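Only one structure is covered here, and it is reproduced in the block below.
The values are calculated or read from the model by the stated rules, or taken from the named source; none is laboratory data. Keep in mind that this is a model prediction, so the values were computed, not measured. Reconstructed Cβ throughout: ideal geometry from the backbone, glycine too, with neighbour counts over all protein chains shown. Ligands, DNA and RNA are excluded from the accessible area calculation, which covers all protein heavy atoms including side chains. Shrake-Rupley method; radii C 1.70, N 1.55, O 1.52, S 1.80 Å.
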Amino acid sequence: MPEARIVWRGKQLNQRTVAMIEAAEKLYRSKFAILQGSYNTGGVAASAGTHDGGGAVDIDVATKSPAQRRAVVKAMRQVGFAAWLRTPAQGNWPYHVHAIAVGDKDLSRGAAHQVAEYRRKRNGLANRGKDDGPAGYYGMTWELYLKAHAPATSSSPEADRQAITIAAAVGA
């Protein structure tokens, strides 16, 4: 079943992707300016079809410092996005964070390929360069993030084992 599409901050996305962005904004402690959303078939040639389906988003970081840009990428990765800083040196585009929601049911073929490349610690570009973002989140998904950040009811040995298992999976 496809994800439920919505218009959010003037961009077309799905509810899962919006929830992920909002969680990343909480980690970053500021709202993001969205440059491009999902379901944008043929919208931007430089996107190579990654925004044709769901789960794709570009965030404006042109006016942010290098440390802030890295922090945005990290926050996105922490909640389950395959995310990279895109720079003018890499292509005909401004500084932005390009992110694909890992596990989204509506990913385009290009976006699914980028997720696979992310898991191989690559940059998701045609040159297949080495990933240059914050390491350690290659196994993270939205569902794992939610499970690890569920409201605490009571600590138990089983809950502790699950947290350790999730931490190990994320570091993969």
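The apolar share of the surface of region 1-143, taken as the fraction of accessible area on carbon and sulfur atoms (1.4 Å probe, ligands and nucleic acids excluded), comes to 51 percent.
Here the 3J(HN,Hα) profile of region 63-72, calculated from phi with Karplus coefficients 6.51, -1.76 and 1.60 at θ = phi - 60°, is 9, 8, 6, x, 5, 5, 4, 4, 5, 5 Hz, Gly and Pro shown as x. Taking amide H positions as modeled 1.01 Å from N, with prolines and chain starts lacking one, the residues under 5 Å from I6 and 5 or more places away or on another chain are L13, N14, Q15.
For A126 and A150, a Förster radius of 41 Å and the Cβ-Cβ distance give a FRET efficiency of 0.60, rounded to the nearest 0.05.
Residues in region 123-139 carry Karplus couplings, in order, of 8, x, 9, 4, 6, 6, x, 5, 4, 10, x, x, 7, x, 10, 4, x Hz; the curve used is 6.51 cos²θ - 1.76 cosθ + 1.60 with θ = phi - 60°, and Gly or Pro positions show x. Of the Cα atoms belonging to region 1-140, the radius of gyration and Dmax stand at 13.4, 40 Å. Peptides 29-39, 5-15, 96-106, ordered by how many other C-beta atoms sit within 10 Å of their residues on average, highest first, read 96-106, 29-39, 5-15. Near the amide H of R122, within less than 5 Å, lie the amide hydrogens of D131, all on another chain or at least 5 residues away, with H placed in the peptide plane.
Placing pseudo-labels 7 Å out from each Cα toward the beta carbon at A19 and E143 gives an inter-label distance of 1.2 nm. Label-to-label distance for A33 and R5 is 2.7 nm, based on points extended 7 Å past Cα in the beta-carbon direction.
Probe of 1.4 angstrom, ligands and nucleic acids ignored: what's the accessible area per residue over region 98-145, in square angstrom?
48
Between amide H atoms placed 1.01 Å from N, distances below 5 Å from Q36 occur with D58, all of them 5 or more places distant or on a separate chain.
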